[in-house]
1. Quick one: grab Rg to one decimal and Dmax as a whole number for chain A, Cα atoms only, in Å.
2. For A:Y58 paired with A:R253, estimate the spin-label separation in nm (one decimal), with each label point 7 Å from Cα along the Cα-to-Cβ line.
3. Between B:E44, B:E312, B:E155, where does the largest GNM mean-square fluctuation fall for chain B, given springs only between Cα atoms within less than 10 Å?
4. A:E328 to A:K298: FRET efficiency via 1/(1 + (r/R0)^6), r the Cβ-Cβ distance, R0 25 Å, to the nearest 0.05?
5. Put +1 on the Cβ of every Lys and Arg and -1 on every Asp and Glu Cβ in chain A; which of A:L63, A:P41, A:P126 then has its Cα farthest towards the positive end of the dipole?
6. Using a Förster radius of 41 Å, what is the FRET efficiency between A:E51 and B:D189 based on their Cβ-Cβ separation? Nearest 0.05, please.
7. What's the ranking of A:210-219, A:53-62 by average number of surrounding C-beta atoms within 10 Å, highest first?
8. Taking segment A:136-235, how much of its Cα-Cα pair set, in percent, is spaced more than 25 angstrom apart?
2 protein chains.
Amino acid sequence: MDSVEHGSPPQQVAIIGAGVIGAAWAARWLLRGCDVMLYDPSSETPQIVDEVLGNARYAWKRLGLTPQSEGSLTYAKTLAEAVQNAELIQESAPEDLQTKKFILSEIERSANQGALIASSTSGLLPTKLQDEMQHPERLVIGHPFNPVYLIPMVEVVGGKHTSSESISKAMSFYVHAGMKPLHVRVEIDAFIADRLLEAVWREALWLVEDEIATTQEIDDVIRFGFGLRWAQMGLFESYRIAGGQGGMEHFIRQFGPSLDWPWSKLTNTPEMSEELIQRISDQSEAQSGHYSVRELEKIRDANLVDMMLALEKNAWGAGLVIRELRDES
Amino acid sequence: MDSVEHGSPPQQVAIIGAGVIGAAWAARWLLRGCDVMLYDPSSETPQIVDEVLGNARYAWKRLGLTPQSEGSLTYAKTLAEAVQNAELIQESAPEDLQTKKFILSEIERSANQGALIASSTSGLLPTKLQDEMQHPERLVIGHPFNPVYLIPMVEVVGGKHTSSESISKAMSFYVHAGMKPLHVRVEIDAFIADRLLEAVWREALWLVEDEIATTQEIDDVIRFGFGLRWAQMGLFESYRIAGGQGGMEHFIRQFGPSLDWPWSKLTNTPEMSEELIQRISDQSEAQSGHYSVRELEKIRDANLVDMMLALEKNAWGAGLVIRELRDES
């Protein structure tokens, strides 16, 4: 694990926007013993939070990480009330630049000046988000992965005006949340993860559009194939092994030429016609429709928990994050 | 699991070409009790096979799948000797069309007419491979994933002249090998898996070329992030859950627009300059150089075994393949 300066955990965390991502942030912090103030104007919020928190508690129990005492959860009536005493404010509003900028200005109006403001955006540039902020130095991106209460990765990205102190603080806070923060050093659209995800997503859409494969077939190739490799080693480490004793250099010299083969249709995006949307929806229904989304969540979480326990046994990858949490308690 | 017609397992399997892939095919068949004739002119072959077979035996023992009796392994002195009595001939030569075509013609010269001939190519088109064969109807692609003795997926692809009987036979044989074969119905360059892998690989190379991320950082984003999701659900099923109660249709309508954002540099390939090759090699060395490739293999295999056991416990994904093997014995 990278060494991250260990400051204090945030005493109080504010979550602004409680869809699937915001609610799961709340769950993670509560299970780490921090008090959470949550604000979302939607009437569905308490139900979403209850469900997500239920899933998270169950998952952490299976991990053997039930906290000695959970933090307290408060539904704030206004955004101002939610943020006023928070040390960390995690914005998880819809993925729209203007919406997020508006919310950030509202947050600034009521937050303590020392508060760290983090956005969960999966691809909007921090420099754009902060360009009208009064204290832009305290804005960072903290981009998590669904389900946030289980997946350890969070991408931390600063904008042109973000202070290095804010980056350090974010890294330290997220370690306290039981995560594996990665500082993305260069600010680019979509950061690192969504660059890679976008590439796969486009190619997968073409495979469906061209009627080469169904959603089920694509998923099967991943989960019975290279997905198993990537849960424990990434792309380069897997290929390093494939290079045999010659390692990465051998592999890359051998594999290099095929890069120019006309294998992919990556630049263009298939038109999202009604027909394509319907085809994907129908195929997904045939593939997974016999489970409700709630059931799929439970299956996913049980698998993630047990795979992470397996990795912990081997002191590797995501298992190390769990081990550190366990050692700490 | 898809239903695959269950014929008899092959009595004898010939492996032509015993690098990492061919040797691992041999190991898988031996552990399934089938006799293997192996041919590779390289003097390093016995050492590679010994090492790979050692890894495979250890992994299967940890899976609790040690066979009652292993098949016999014979190093053939000639290609002709290797293939003459084989029911399945698996070609695993270097990834070069002319080399493979030459080997296929050599195979045809000595094989029984009833033998199934499978190529391990990860992307060459079967129609091109078979275009000078005397009995092209018996050629299929059987594209496996490293480590072949553990990863269940194998893509089965037929060419213009492949008979449907050959496809069925290949599917049935690979189920006997303890795998999860997927019939890729449309013949395209790189099939399904390498389309997706190529997309990620190109994007990852750009991230390194542009000095946005190191190989370690990219791998971390994968293995602490979305790689964990993909080991048990694929792309679409994961996104279906992200869509909440609205499921896939909701997700895709919401996510659609960002497809046109200029996030990726996917068409162009970075020039594989000496500098880029060296940078990747150096970063990979810094990331994983403290382990030998042999050590990395053992770590990978231990993780794969334990993750698959975890999935078996939950009766899901790759774990189901293991469960079927266990139930059978």
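1. 20.9, 61
2. Roughly 5.3 nm, to one decimal.
3. Result for chain B, Cα springs under 10 Å: B:E44 fluctuates most.
4. It comes to 0.40.
5. It is A:L63.
6. Details: r = 44 Å, r/R0 = 1.07.
Step by step, r from the Cβ atoms, then E = 0.40.
7. A:210-219, A:53-62
8. Working: 1677 of 4950 pairs.
The calculated P(r) of segment A:136-235 puts 34 percent of pairs beyond 25 Å.
Each reported figure results from applying straightforward, stated rules to the coordinates on display, with no laboratory input. Everything numeric here is computed off the predicted structure, so don't read it as measured data. Quick reminder, even Gly has a Cβ in these numbers, built from the backbone with ideal geometry, and neighbours come from all protein chains shown.
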